[in-house]
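Q: First the structure, then my questions, so here it is.
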Amino acid sequence: QVQLVESGGGLVQPGGSLRLSCAASGFTFSSYVMSWYRQAPGKEREFVARISSTGGSINYADSVKGRFTISRDNAKNTVYLQMNSLKPDDTAVYYCKAVRIIEYWGQGTQVTVSS
């Protein structure tokens, strides 16, 4: 069956870095656009970053541009989110999403930025 499993979240101090991974299985990963979203407590889920199926097109939310980098390895069926210069406002559950015609979501990984 289809699975998206996020990992790499945790507690980090402001200014620190984390690398999230999302391992996919059960579908043709290389044909899907992959995205990261996040949801902070009491807020709606919001877009973070998107990468096309080949990696040739990438988009970021303004709030993370210049600090976060999305990438993918189609040989490993994995998408990554490198997060640098983290701020307390980045605290959220981070989700990966796969979209072609149907969309699939992972269960999320918690990122907490706090001193």
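The values are calculated or read from the model by the stated rules, or taken from the named source; none is laboratory data. All values derive from a computational prediction rather than experimental measurement. A quick note on method: Cβ atoms are made from the backbone with ideal geometry, for glycine too, and the neighbour counts reach across all protein chains shown. Ligands, DNA and RNA are stripped out before the accessible areas are found, and what is left, the full protein with its side chains, is counted by its heavy atoms. Shrake-Rupley method; radii C 1.70, N 1.55, O 1.52, S 1.80 Å.
Quick grid of which residues meet (1) out of contact with any strand residue (DSSP E or B) (no Cβ under 7 Å at 6 or more places or on another chain); (2) among the hydrophobic types (A, V, I, L, M, F, W, C); (3) not in a strand (DSSP E or B):
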residue	(1), (2), (3)
P14	no, no, yes
A23	no, yes, no
M34	no, yes, no
E44	yes, no, yes
R50	no, no, no
K65	yes, no, yes
I70	no, yes, no
V111	no, yes, no
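Q: Kindly list the number of the only condition in (1) open to solvent by 30 Å² or more (accessible area, probe 1.4 Å); (2) among the hydrophobic types (A, V, I, L, M, F, W, C); (3) in a strand (DSSP E or B) that fails for A75.
A: (3)
Q: What about Y60, is it at pLDDT 95 or above, more than 10 Å from the chain's Cα centre (by Cα) and not β-branched (V, I, T)?
A: yes
Q: What tally of residues in segment 4-25 results from selecting those that are over 17 Å from T91 (Cβ atoms) and open to solvent by less than 60 Å² (accessible area, probe 1.4 Å)?
A: So in segment 4-25, the residues over 17 Å from T91 (Cβ atoms) come out as 4-5, 7, 21-25.
Checking the rest, the ones that are also open to solvent by less than 60 Å² (accessible area, probe 1.4 Å) come to 4, 7, 21-25.
Number satisfying all stated conditions: 7.
Q: Further, regarding this structure: Scan segment 47-57 for residues that are open to solvent by 50 Å² or more (accessible area, probe 1.4 Å) and under 12 Å from the mean Cα position of the chain (by Cα) and jot them down. Walk me through how you get there before you give the answer.
A: Step one: list which residues in segment 47-57 are open to solvent by 50 Å² or more (accessible area, probe 1.4 Å), which gives 47, 50, 54, 56-57.
Correct list: F47, R50.
Q: Do you know which of the residues in segment 83-115 that are open to solvent by 60 Å² or more (accessible area, probe 1.4 Å) and in contact with a Phe, Trp or Tyr (Cβ under 7 Å, 6 or more places away or on another chain) is modelled with the highest pLDDT?
A: Among those residues, the one meeting the criterion is W105.
Q: Can you name the condition, by its number, that A61 falls short on among (1) open to solvent by less than 30 Å² (accessible area, probe 1.4 Å); (2) farther than 25 Å from S115 by Cα?
A: A61 satisfies every listed condition except (2).
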